[in-house]
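Engineer: Quick one: the structure is below, questions incoming.
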Amino acid sequence: MAEPISDLIRQMWLIRHTEVALLDLFSQGRVRGTVHTCQGQEACAVGVLSALNKDTDILFSNHRGHGHYLAYSADVKGLVAEVLGLPSGVCQGIGGSQHLQYKNFYTNGIQGAGVAITVGMALAEQYKGNNVVAVPFIGDGTFGEGAIYEAFNLAALWRAPVMFVVEFNHYAQSTSSYMQHAGDLRTRASSFGIPVTVIDGMDVLQVRAAATEIAASVRAGKGPAMLFLETYRLGPHSKGDDFRDKDEIEHHRKRDPLILSQHLISAQDYADIKQQTASEVQQIITELLA
Amino acid sequence: MKTTYLESLQQALHQVMADDPRVLVLGEDILDPYGGAFKVTKGLSTHYPQRVLATPISESAIVGLATGMALRGFRPVAEIMFGDFMALVADQLLNSASKFALMYQDKVSVPLVVRTPMGGGRGYGPTHSQCLEKMFLGIPGLKVVCPSILHNPGQLLRQSIINDDGPVLFIEYKNLYSQPLSVPKTVRVTTIGEQFPLVVAQNSDEKPDVIILSYGGLSESLLQLMPYLADEEIYVRVILPSLLSTTLDSAIVTDYIAGCHNILVTDNNTPGYGWVSETVCSLRQYASLRNANICTLTAADTVVPAAQRLEDEALVTAAKLEQTIYRMLS
């Protein structure tokens, strides 16, 4: 059963408010280490997760994983507590922002390694006879890691039930994708026989539709496939330093998934969702800091 | 014919696959009739074709996939053809497999065994002869296990696969594969401990003149030397742990080391920053050993050459062990 559109918007706002709050907490000196936010990429997380079976499917996220985590679990409290280093955090403060684990959801702060691990998990579930789709989330920066090509090869060779999700956000930390990668990233997986679907990652309905179709194919045993989402990181890599061209950011800001989704429901419903999720996040943070 | 080190490992793999359907084996060139570069996996793919996976030359992915399988309830055994290739596996073991249980607060476990052969003596040269276990010691969450010729290698492998929640790096020594697991009549062996036992071997009931601490591949040379040294009335006690990633238990130091003046700590790694230096460091902390003469013997600080004469110069050999023992006693 597809979730109503208002639920998708609600989840995207929950992610956005949570991450804005985390950055705010960081600037107040309440967060140690670092926070990588996914502002601008909420439609990727929410669209993909809305196409999966959250009870059985497997997710392996990365250093920019808050959105994936919240779209999977809706556990704002566990995430914020984890980032704040509190015992009530989802990994009791050991993991922090980049190392989360909850049910079938895993993250790690290492680029590329998780892709092979996800292929292994997919094969394990397939071997057990479980009809599961395993999803590693990677960014365009991760295409610089050799480990992913070993994983692509084995996934295709052994027909692992994997849906690779690429969030092409144009930057690896401070370096533009075009300064790092030769050729077209969209075509790389195809050479392993992995079909690639390129979609506008700012449009949550398009993401959901494509992810639903690909997941069904993977689930039906047709082998791994890749969902390649064109998106943009509206915020800095982590807390501050952002030397990207302001006009470029402003250009993409017009395509903020939260703006693009505005017309999908009534103005009143949209305003209510925005307001309710803001209060929800604020209340959780107030309780955690009390 | 006595069972060899290799046969013991082969038999253990067959037995664990028969006993536990969660065991999967993956690695390069492991299918029959080839059966693996060193034949440890021989026969497995014929008996369990669905559970033995021949991989491409992708060491990082072999261990990555095996980690994923372990996270989801299997007990995978990954073979890395040469220990030297562990460098290609390092990220997966260090930053994923050994981290998960600790950083996810024991909500997951990774019962993974990575098997690999280390060591020289076969003329394979600089990138196929190294002892790289030192690179994997001191990693929280990762056990490093290595059977000597006086251990039951198959039993240790079985313990690693079935009875440990892992991950375990299981080091085999190439020079031991063809060796029978037999002990000269004049050598008395005591096995201490349960899961990953330590072996104490003596060439006499007399008080030892020298205590030798080592593991793995050098056990072959030490076992050869022991009857010969006894004839020379040099009494030695050889202590061979199988779990390298933990320093010696204090009870072992009290019961088997304290009281002997001469202690030799030796392995075939390059000098420093490894099992030998860590063992010496731990022994130095015992007041009972304050005045002991603790010596070390390791391979040379260079690559392992291919030519026999040069390889013998670089590595610890029975002759060098003998000379060192004589020098300590002179």
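The values are calculated or read from the model by the stated rules, or taken from the named source; none is laboratory data. Small disclaimer: the values here were computed from a predicted structure and weren't measured. Cβ placement follows ideal geometry from the backbone for every residue including glycine, while neighbour counts extend to all protein chains displayed. Just so you know, the surface numbers come from the protein's heavy atoms only, side chains and all, with ligands and any DNA or RNA stripped out. Shrake-Rupley method; radii C 1.70, N 1.55, O 1.52, S 1.80 Å.
Engineer: Could you pull out which residues in the stretch A:221-240 have an amide N less than 14 Å from a spot 7 Å beyond the Cα of A:GLN206, following the Cα-Cβ vector?
Structural biologist: A:228-232
Engineer: What is the pair-distance distribution P(r) of the stretch A:21-75, computed from all Cα-Cα distances in 10 Å bins starting at 0, with each bin given as a whole percent?
Structural biologist: Going out from 0 Å in 10 Å bins, the stretch A:21-75 shows 22, 48, 23, 7 percent.
Engineer: At R0 = 51 Å, how high is the FRET efficiency between B:THR191 and A:ASN53 if r is their beta carbon distance? Nearest 0.05 is fine.
Structural biologist: Efficiency, from the Cβ-Cβ distance: 0.50.
Engineer: Next question. Where only protein heavy atoms count, and the probe is 1.4 Å, what is the accessible area per residue for the stretch B:188-329 in Å²?
Structural biologist: 45
Engineer: With no solvent and one point on each alpha carbon, what is the Debye value of log10 I(q)/I(0) for the stretch A:5-289 at q = 0.14 Å⁻¹?
Structural biologist: Here log10 of I(q) over I(0) equals -0.99.
Engineer: Cα axis of helix B:318-329 to longest principal axis of chain B: angle in degrees, 0 to 90, nearest 10?
Structural biologist: Here the helix axis deviates by roughly 40 degrees.
Engineer: Which whole number gives the average, over all residues in A:121-132, of C-beta atoms from other chains lying within 10 Å of the residue C-beta?
Structural biologist: The shielding value for this peptide is 4.
Engineer: Volume per residue, Å³, of the convex hull around the alpha-carbon atoms of the stretch B:1-73?
Structural biologist: Dividing the Cα hull volume of the stretch B:1-73 by its residue count gives 98 Å³.
Engineer: Write down the percent of antiparallel bridges among all DSSP beta bridges whose residues are both part of chain B, to the nearest 5.
Structural biologist: Taking every DSSP beta bridge with both residues in chain B, the antiparallel ones total about 25 percent.
Engineer: Which order do the peptides B:239-248, A:109-118, A:179-188, B:117-126 take when ranked by the mean count of other beta-carbon atoms within 10 Å per residue, highest first?
Structural biologist: Top of the packing list down: A:109-118, B:239-248, B:117-126, A:179-188.
Engineer: Under the definition of partner shielding as Cβ atoms of other protein chains within 10 Å of a residue Cβ, what is the mean value for peptide A:151-159?
Structural biologist: 3
Engineer: Using θ = phi - 60° and the Karplus curve 6.51 cos²θ - 1.76 cosθ + 1.60, what whole-Hz ³J(HN,Hα) does each residue of the stretch A:51-60 get, with Gly and Pro shown as x?
Structural biologist: 9, 10, 8, 5, 7, 10, 6, 10, 10, 10
Engineer: With r as the distance between the Cβ atoms of A:LEU289 and B:GLN15 and R0 = 56 Å, compute the FRET efficiency 1/(1 + (r/R0)^6) and round to 0.05.
Structural biologist: Step by step, r from the Cβ atoms, then E = 0.50.
Engineer: Skipping prolines and chain starts, which residues have an amide H placed within reach, meaning under 5 Å, of the one on B:CYS295, given they are 5 or more residues away or on another chain?
Structural biologist: Amide H neighbours of B:CYS295, under 5 Å, 5+ apart: B:ILE263, B:LEU264, B:VAL265.
Engineer: Still on this model: Using θ = phi - 60° and the Karplus form 6.51 cos²θ - 1.76 cosθ + 1.60, what ³J(HN,Hα) does each residue of the stretch B:108-122 get, whole Hz, x for Gly and Pro?
Structural biologist: 10, 9, 10, x, 10, 10, 10, 9, 7, x, 10, x, x, x, 10
Engineer: Run the quick spin-label model on A:HIS263 and B:LYS39: label points 7 Å from Cα toward the beta carbon, then report their separation in nm to one decimal.
Structural biologist: 7.3
Engineer: For B:THR4, what residues show an amide H to amide H distance below 5 Å, using hydrogens built from the backbone and excluding near sequence neighbours?
Structural biologist: So B:THR4 has HN proximity to B:LEU181.
Engineer: Sticking with this structure for a sec: Could you tell me which trypsin sites (Lys or Arg not before Pro) in the stretch A:197-230 are loop residues by DSSP with no more than 12 other beta carbons within 10 angstrom of their beta carbon?
Structural biologist: none
Engineer: Would you mind computing the Rg to Rh ratio of the protein assembly as shown from its alpha-carbon coordinates, Kirkwood style for Rh?
Structural biologist: Checking Rg against Rh, the ratio lands at 1.06.
Engineer: Counting partner chain Cβ atoms within 10 Å of every residue's Cβ in B:68-78, what's the average?
Structural biologist: Taking the mean over all residues of the peptide, I get 6.
Engineer: Expressed as cubic angstrom per residue, what is the convex hull volume of the alpha carbon set of chain B?
Structural biologist: Normalising the Cα hull of chain B by residue number yields 134 Å³.
Engineer: What percent antiparallel are the DSSP beta bridges of the protein assembly as shown, to the nearest 5?
Structural biologist: For the protein assembly as shown, the DSSP antiparallel bridge percentage is about 20.
Engineer: At a probe radius of 1.4 Å, figure out the A/B buried accessible area, summed over both chains, and give it in Å² to the nearest 100.
Structural biologist: Summed over both sides, the interface buries about 2600 Å².
Engineer: Between the helical axis of B:219-231 and the dominant principal axis of chain B, each derived from Cα atoms, what acute angle in degrees is found, rounded to the nearest 10?
Structural biologist: 20
Engineer: So, one more: For the stretch A:99-140 and the stretch A:230-275, what is the separation of their C-alpha centers, rounded to whole Å?
Structural biologist: The stretch A:99-140 and the stretch A:230-275 have Cα centres separated by 28 Å.
Engineer: For A:LYS239, enumerate residues with amide H under 5 Å from its amide H, sequence gap 5+ or separate chain, H modeled in the peptide plane.
Structural biologist: A:VAL35
Engineer: From the backbone phi of the stretch B:297-313, what are the Karplus-calculated ³J(HN,Hα) couplings (6.51 cos²θ - 1.76 cosθ + 1.60, θ = phi - 60°) in whole Hz, Gly and Pro given as x?
Structural biologist: So the Karplus estimates, Gly and Pro as x, are 9, 9, 5, 6, 7, 7, 6, 8, x, 7, 5, 4, 4, 6, 5, 4, 5 Hz.
Engineer: I've got another one for you. According to the square roots a ≥ b ≥ c of the eigenvalues of the Cα gyration tensor, what is the shape class of the stretch B:5-176, taking rounded for a/c under 1.5, prolate for a/b larger than b/c otherwise, and oblate for the remainder?
Structural biologist: Here the stretch B:5-176 falls in the rounded category.
Engineer: Taking GluC sites (Glu not before Pro) as exposed when DSSP calls them loop (any state but H, G, I, E, B) and at most 14 other Cβ atoms lie within 10 Å, what is the longest stretch of chain B free of them, the sites themselves excluded?
Structural biologist: B:1-193
Engineer: Shifting gears a bit: Using a 1.4 Å probe over the heavy atoms of the protein chains, calculate the carbon and sulfur portion of the accessible area of chain B as a whole percent.
Structural biologist: Result for chain B: 51 percent of the exposed heavy-atom area is carbon or sulfur.
Engineer: So for chain A: antiparallel DSSP bridges make up what percent, rounded to the nearest 5?
Structural biologist: Taking every DSSP beta bridge with both residues in chain A, the antiparallel ones total about 15 percent.
Engineer: Please report, in debye to the nearest 20, how large the charge dipole of chain B is about its Cα centre when each Lys and Arg carries +1 at its beta carbon and each Asp and Glu carries -1 there.
Structural biologist: Once rounded to the nearest 20, the dipole reads 440 debye.
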